[in-house]
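Read through the structure below, which is laid out as structure tokens, and then see the notes.
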Amino acid sequence: MPENSTPGSPGGDPPIGWIRPAPASRGEAVFEHLLTRSRFLVLIPVVVLVVAALGAFVYGAAVFVDGARRVVDHPFPVGQKIGVFLVDVDLFLIGTTLLIAAIGFYELFISRVEGGGGTRELPSWLEMRDLNDLKVRIVGMLVLVAAVTFVQAVIDFRDARSVLESGAGIAVFIVALTVYIRFGGHSNR
């Protein structure tokens, strides 16, 4: 290859295995540009998910304040008061799940979230490389929410049979999600 030529230039040969793309028509170029820019539509669910997460966190804080007030006013019996705080755990887990989904969509479609000065603001476990990463994190959070919901049902139980049926239903749900994650298209890295 001549010294001043580069792969694909008139005087140079392309690298082995390299296929020179056919020139796109103006219509194709415009369509591809629009298609590329359409990824910004994901900002709509990102904003909605962040607002929903904020709503879950604020609602959880309000439930906590109300629950704490009730415990202070009437501290006994304790068992009936614990369920209120498990509702908080559920609300905060749901808010966190919504936030993880928002961050995942943003990272997958728009840009990596980075702090000033080139440092990462997100923990490494929150970095999303593909949709499978997002799926695994969301399903993991759903399992946590289901488990906390079951514990709340056990604490507030009225009928042992209904607790057993609820537990069996939640167990089937958790097993189904686990099987889905394990065999449902998750790539083995």
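None of the figures in this text is laboratory data; all of them are computed from the coordinates on show. Treat the numbers as computed from the prediction; the structure is a model and nothing was measured. Don't worry about glycine lacking a Cβ; one is built from the backbone with ideal geometry, like all the others, and counts go over all protein chains shown.
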Highest mean packing first, using Cβ neighbours within 10 angstrom, the peptides 45-56, 66-77, 123-134 sort as 45-56, 123-134, 66-77
Relative contact order of segment 39-183, pairs being alpha-carbon contacts under 8 Å that are 6 or more residues apart, as % = 27 percent
Quick one: P(r) of segment 119-174 from all Cα-Cα pairs, 5 Å bins, percents rounded to integers, in order of increasing distance.
-> 4, 18, 19, 15, 12, 10, 9, 7, 4, 1, 0
What order do you get for 145-155, 174-184 when each peptide is scored by the mean count of other beta carbon atoms within 10 Å, highest first?
-> 145-155, 174-184
Computed from every Cα-Cα pair in segment 39-183, P(r) in 10 Å bins starting at 0 and rounded to whole percents is 11, 30, 31, 20, 8, 1
